[in-house]
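The values are calculated or read from the model by the stated rules, or taken from the named source; none is laboratory data. The model shown is predicted, which means the values in this text are computed figures rather than measured ones. In this analysis, Cβ positions are derived from the backbone assuming ideal geometry, glycine residues included, and neighbour counts consider all displayed protein chains. Areas reflect the complete protein model, heavy atoms only, side chains present, ligands, DNA and RNA absent. Shrake-Rupley method; radii C 1.70, N 1.55, O 1.52, S 1.80 Å.
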Amino acid sequence: MQDRTASAASKNHLQPRTDLSNPDGAASTTGELTLPNGDLYSGTLSRGVPEGTGRYVWSGSGCVYSGGWRRGMRHGNGTTRWPSGSVYEGEYSAGFMDGQGTHVDASSSSSYKGHWKLDRKHGLGLQAHANGDAYQGSWVHGQMEGHGRYTWANGNCYVGNMRNGLMSGKGVLTWSSTGGGGGDSFQGNWLDGAPHGYGLYTWEGGGCYLGTWTRGLKDGKGTFCHTVPAAVVVDDLRKRGVLPDISITADPESPAASLSRRNSGLGRPPMMKKPSLQRRRSIGVTGGPDKTLKSEDSSSPILEREYAQGVLISEIVLDKWSLPESSSRKLKLGLSRAMLKRPGETIIKGHRSYDLMLCLQLGIRYTVGKITPIPDREVRTSDYGPKASFWMKFPKNGSKLTPSHRALDFKWKDYCPMVFRNLREMFKIDTADYMISISGSDALRELSSPGKSGSIFFLSQDDRFMIKTLRKSEVQVLMRMLPYYYRHVQSYENTLVTKFFGLHRVTPSSGQKFRFVVMGNMFCTELRIHRRFDLKGSSLGRSTEKIKIDENTTLKDLDLNYSFYLEPSWRDALLKQIETDSEFLRNHGIMDYSLLLGFHYRARRNLQIGSSCPKSILPDKLSVLSEADAAEEDSAYNYQDGLILVQRGREKNDPVAVGPHIRGSRLRSSSACFEEVDLLLPDTGRLPIQLGVNMPARAEKQDKQEDVSKSLHHMYDVVLYIGIIDILQKYNTRKKIEHAYKSIKYKYNPLSISAVEPRFYSERFLKFVCTAFPPKPI
């Protein structure tokens, strides 16, 4: 049924069945019109088109509309009836259901009462399903979006934010006693219907767990309190905005609850293609009430626990419940603050880097917009060097070429824009995504620098891009090396060297120059990075023993107590590429670079039910499922390993989650007859495996003991992320002096110092990497 059929047809094809009193059609008349396609209209007319009130019957579908018309389109109050028995009664505008209205779907026995826009549920509305589920809240383009309350027929209830029809954002889910949940509740962050991020799980009988979740599984460190009243911790977290405010979300006088009494609109809901409105199925929730921590030793009420994908891997008793009330409150609030620690600090107004961020975002938006219209072409010699750069003034009040802005006046310089545009295309970076990620409405986050360079690091809110300030000498190195860097990454699609996407300079009116480079973030992944290492191959000062270690800590060479076992062909390819990249850096006099290595613990399925997995029974190879087996959902979930390889299908449109700036060929597995494989992670998804990205491995951890013969070994399934960073340091005079100074004055072993000449640095680096990735024992 076309919404504007009456309007279009009436102007050209409507033939009156009775004579109209005014042949010119200037005055309103009453009559009947038959369209060539058989549709029939009866009602008032003005200038030959429906105007006022009337009835329209669609001959093809049998739908009937009765109500108001304006300029040949449904407008005002009206009722549409479908042959199936479905009915919509409410407001129309410009031919669409628009405004307040009620729709009853006869086929599914569901109903919706609320606001509409362009035939879609949009605004506040109440959806009642035939199975007894109900949703009351905000809709956007036909889907549940924004704040609302979803109640299941069994009494379970969710109050909070929705996105794309699923629980996403901050919200509270309460399990009812009749529904089998015993009154437990989870309040915190959600993603696609599952707890994801910080949250608090509270048991009806007392006690709570405050920690982090990844897609419904506990993941990371958290605090379990057996007898501590949850409200003591919750109040502080609500004030900080980490947990949803129940006093607002459950308030019966909130906008969502007042819908049945008032028809005011809110929000912007998803689109339905037809007025018949396909029934929106009721939603589910990943997982259920947590039964794992119901009964605990009451003598140890406060425990710090660490989980990996739902598996408890460590537990520390923090305190016996014997402190006075004031001290215990201080302890609990301290624990909650520790749980809130997140990498990076969002830059808001008043932050020391706020003006710099505004300049940076505006400049990148201008640069990308200026270079995008230029037709694609190969990079030329003239695209390199100082003459290929340009600068632009950005006055605060704007100019003919630049918009007005909130920052101070500044000058913007863009280095070799054509080269970096081609690099972005080479790394498959979409221009619109690049601009939105860095220069969109979201603020950047500032990271603390783990190194000694004093550089400032910014991270885009979607974690895809890292922005680092550079010294003038580093910019000069990159500019001289850029033509060779471009050819290197063009020749070696699996290169592990840093991916550069842009080089810029900001000079505020204060006069201080800020040079910075935009890079790809190696650790942009759905998986939580549990450990990360910066490895150079040297030993002097390469330890973080004095720092409290968590998953955001960047560890160094002497902290590495893992050996990583890869499939032999993957190990050979990785070491060969690292050797090739190291040779490239050595030929350009570069040293002091690092292998940045991060890994995600992946718990085995048999560990998730509490069984042990001694080293002696670990299989030698990762298991491979066929494409047919992978299609069966239970095959993956019942498999005993945490890492499963799946042969890549022959179809081009495989359902594989492609990560950011993925480039290069996929890896082939000997276990799959050297066919391309993907990594299948139950509860997460299917990830493409490439060199340095989503690489499954076995990690052997050696716990250091005083008696070496009694050292403990543990085996883990891990997913590796690998890259070579800090590639802009030349072995210049300053580094030569640093090497001589430490060697002579402090009598350090020259071989252990990081600052050494590039040839020796490369050899030492490669030797260290080989020890970290030993061959599999026969």
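Do you know which of the residues in segment 37-51 that are charged (D, E, K, R) and within 17 Å of Arg71 (Cβ to Cβ) is farthest from the chain's Cα centre (by Cα)?
From segment 37-51, those charged (D, E, K, R) are 39, 47, 51; that's our starting set.
Remaining after also requiring within 17 Å of Arg71 (Cβ to Cβ): 47, 51.
On the way: Arg47: 55, Glu51: 50 Å.
Per the criteria, the residue is Arg47.
For Tyr484, work out the one condition from (1) over 30 Å from Gly222 (Cα atoms); (2) crowded, with 19+ Cβ neighbours inside 10 Å it doesn't fulfil.
Unmet for Tyr484, out of (1) over 30 Å from Gly222 (Cα atoms); (2) crowded, with 19+ Cβ neighbours inside 10 Å: (2).
Identify all residues within segment 111-127 that are within 20 Å of Ala153 (Cβ to Cβ), in contact with a Leu (Cβ under 9 Å, 6 or more places away or on another chain) and not charged (D, E, K, R); write none if there are none. Full working, then the answer.
Of all residues in segment 111-127, those within 20 Å of Ala153 (Cβ to Cβ) come to 111-113, 125-127.
Remaining after also requiring in contact with a Leu (Cβ under 9 Å, 6 or more places away or on another chain): 111-113, 125-126.
Listed by number, the residues that qualify are Ser111, Tyr112, Gly125, Leu126.
Kindly list, by first and then second residue, each pair from a residue in segment 385-397 that is within 16 Å of Lys411 (Cα to Cα) to a residue that is assigned to a helix (DSSP H, G or I) and not β-branched (Val, Ile, Thr), limited to pairs with Cβ atoms under 7 Å and residues at least 6 apart or on different chains.
Sorted first by the residue in segment 385-397, then by its partner, the pairs are Met392/Tyr366; Phe394/Leu362.
Return yes when Phe760 is modelled with pLDDT of 75 or more, assigned to a helix (DSSP H, G or I) and surrounded by fewer than 22 Cβ atoms within 10 Å (Cβ to Cβ) and no when it is not.
Working: modelled with pLDDT of 75 or more: yes; assigned to a helix (DSSP H, G or I): yes; surrounded by fewer than 22 Cβ atoms within 10 Å (Cβ to Cβ): yes.
Yes: the conditions hold for Phe760.
Give me the pairs, please: first residue somewhere in segment 306-317 and touching a residue at least 40 places away in the same chain (Cβ under 8 Å), second residue anywhere and surrounded by fewer than 12 Cβ atoms within 10 Å (Cβ to Cβ) and part of a strand (DSSP E or B), beta-carbon distance under 7 Å, and either six or more positions apart or on two chains.
Final answer for the pair search is Glu306/Ser314.
Looking for something touching a helix residue (DSSP H, G or I) at 6+ places or on another chain (Cβ under 6 Å) and modelled with pLDDT of 90 or more - is there at least one such residue anywhere in segment 393-410?
yes
When you scan segment 438-470, how many residues do you find that are assigned to a helix (DSSP H, G or I) and modelled with pLDDT of 90 or more? Walk me through it before giving the result.
At the first step, the residues of segment 438-470 found to be assigned to a helix (DSSP H, G or I) are 438-439.
Those left that are additionally modelled with pLDDT of 90 or more: 438.
Residues that pass the stated criteria total 1.
When only residues in segment 368-420 that are among the basic types (Lys, Arg) and under 28 Å from Tyr354 (Cβ atoms) count, which is least open to solvent (accessible area, probe 1.4 Å)? Give the steps one after another, and end with the answer.
The initial filter retains those residues of segment 368-420 that are among the basic types (Lys, Arg), namely 370, 377, 380, 387, 393, 396, 400, 406, 411, 413.
Cutting the leftovers down to under 28 Å from Tyr354 (Cβ atoms) gives us 370, 393, 396, 400, 406, 411, 413.
On the way: Lys370: 106, Lys393: 110, Lys396: 92, Lys400: 207, Arg406: 173, Lys411: 96, Lys413: 51 Å².
Result: Lys413.
If you check every pair at least six apart or on different chains, which have Cβ atoms under 6 Å apart with a residue in segment 477-501 that is under 22 Å from Phe516 (Cα atoms) and in contact (Cβ under 8 Å) with a residue 12 or more places away in the chain first and a residue that is among the charged types (D, E, K, R) and open to solvent by less than 50 Å² (accessible area, probe 1.4 Å) second?
Within 6 Å, the pairs are Leu496/Asp581; Val497/Asp581; Phe501/Arg424.
For segment 510-543, name all the residues that are more than 30 Å from Leu360 (Cβ to Cβ) and either out of contact with any helix residue (DSSP H, G or I) (no Cβ under 6 Å at 6 or more places or on another chain) or of a type in the set (S, T, N, Q) (or both).
Across segment 510-543, the qualifying residues are His530, Arg531, Ser538, Ser539, Gly541, Ser543.
Considering only segment 717-737, state which residues are among the acidic types (Asp, Glu) and either farther than 15 Å from Tyr761 by Cβ or open to solvent by less than 50 Å² (accessible area, probe 1.4 Å) (or both). Steps first, please.
As a first pass, look at segment 717-737 and keep what is among the acidic types (Asp, Glu): 717, 726.
Residue satisfying the conditions is Asp717 alone.
Please work out if Ser441 is closer than 17 Å to Leu470 by Cβ and of a type in the set (S, T, N, Q). I'd like the intermediate steps shown before the answer.
Numbers: closer than 17 Å to Leu470 by Cβ: no; of a type in the set (S, T, N, Q): yes.
Answer is no for this residue.
I'm trying to understand the selection: among the residues of segment 492-509, which are in contact with a helix residue (DSSP H, G or I) (Cβ under 7 Å, 6 or more places away or on another chain) and open to solvent by 30 Å² or more (accessible area, probe 1.4 Å)? Write out each step before concluding.
Looking only at segment 492-509, we keep the residues that are in contact with a helix residue (DSSP H, G or I) (Cβ under 7 Å, 6 or more places away or on another chain), and these are 492, 494-497, 500-504, 506, 508.
Once the filter is applied, which keeps residues that are in contact with a helix residue (DSSP H, G or I) (Cβ under 7 Å, 6 or more places away or on another chain) and open to solvent by 30 Å² or more (accessible area, probe 1.4 Å), segment 492-509 yields Tyr492, Asn494.
What pairs come out if I take residues in segment 369-380 that are touching a residue at least 40 places away in the same chain (Cβ under 8 Å) and over 14 Å from Ala432 (Cβ atoms) and pair them with residues that are among the acidic types (Asp, Glu) and surrounded by 10 or more Cβ atoms within 10 Å (Cβ to Cβ) whose C-beta lies under 8 Å away, six or more apart or interchain?
Between residues of segment 369-380 that are touching a residue at least 40 places away in the same chain (Cβ under 8 Å) and over 14 Å from Ala432 (Cβ atoms) and residues that are among the acidic types (Asp, Glu) and surrounded by 10 or more Cβ atoms within 10 Å (Cβ to Cβ), the close pairs are Asp376/Glu425.
Considering only segment 152-190, state which residues are open to solvent by less than 50 Å² (accessible area, probe 1.4 Å) and of a type in the set (A, V, I, L, M, F, W, C). Break it down stepwise before answering.
Taking segment 152-190 first, the residues open to solvent by less than 50 Å² (accessible area, probe 1.4 Å) are 152, 155-160, 162, 165, 167-169, 171-173, 175-176, 179-190.
Matches in segment 152-190: Trp152, Cys157, Val159, Met162, Met167, Val172, Leu173, Trp175, Phe186, Trp190.
Quickly run through segment 131-144 and pick out the residues that are open to solvent by 50 Å² or more (accessible area, probe 1.4 Å) and closer than 25 Å to Asn189 by Cβ.
Applying the first criterion (open to solvent by 50 Å² or more (accessible area, probe 1.4 Å)) to segment 131-144 yields 131, 141, 143.
Within segment 131-144, His141, Gln143 meet the criteria.
Looking only at segment 51-80, how many residues end up being surrounded by fewer than 17 Cβ atoms within 10 Å (Cβ to Cβ) and under 22 Å from Ser108 (Cβ atoms)?
Within segment 51-80, residues that are surrounded by fewer than 17 Cβ atoms within 10 Å (Cβ to Cβ) and under 22 Å from Ser108 (Cβ atoms) number 4.
Restricting to segment 685-703, count the residues that are open to solvent by less than 30 Å² (accessible area, probe 1.4 Å), in a strand (DSSP E or B) and over 15 Å from Arg602 (Cα atoms).
2
Identify the single condition in (1) at pLDDT 90 or above; (2) over 30 Å from Asn154 (Cα atoms); (3) more than 38 Å from the chain's Cα centre (by Cα) that Gly72 does not satisfy, given that it satisfies every other one.
Here Gly72 meets the rest and fails (1).
Looking only at residues in segment 510-536 that are closer than 23 Å to Gly369 by Cβ and aromatic (Phe, Trp, Tyr), which one is least open to solvent (accessible area, probe 1.4 Å)?
Phe516
Might you let me know whether segment 722-732 holds any residue that is closer than 29 Å to Ser569 by Cα, at pLDDT 85 or above and part of a loop (DSSP other than H, G, I, E, B)? Let's see the steps before the verdict.
Here is the first cut: in segment 722-732, the residues closer than 29 Å to Ser569 by Cα are 722-727.
With the extra rule that they be at pLDDT 85 or above, the set shrinks to 722-727.
Within this subset, residues satisfying the condition of being part of a loop (DSSP other than H, G, I, E, B) are 726-727.
Yes, segment 722-732 has at least one match.
Go through segment 402-416 and give me each residue that's without any contact (Cβ under 8 Å) to a residue 60 or more places away in the chain and within 12 Å of Thr367 (Cα to Cα).
Thr402
List the pairs whose first member sits in segment 531-545 and is under 14 Å from Ser582 (Cβ atoms), whose second member is of a type in the set (Phe, Trp, Tyr) and part of a loop (DSSP other than H, G, I, E, B), and whose Cβ atoms are under 9 Å apart, counting only residues at least 6 apart or on separate chains?
Close Cβ pairs (under 9 Å, with a partner that is of a type in the set (Phe, Trp, Tyr) and part of a loop (DSSP other than H, G, I, E, B)) amount to Lys536/Tyr593.
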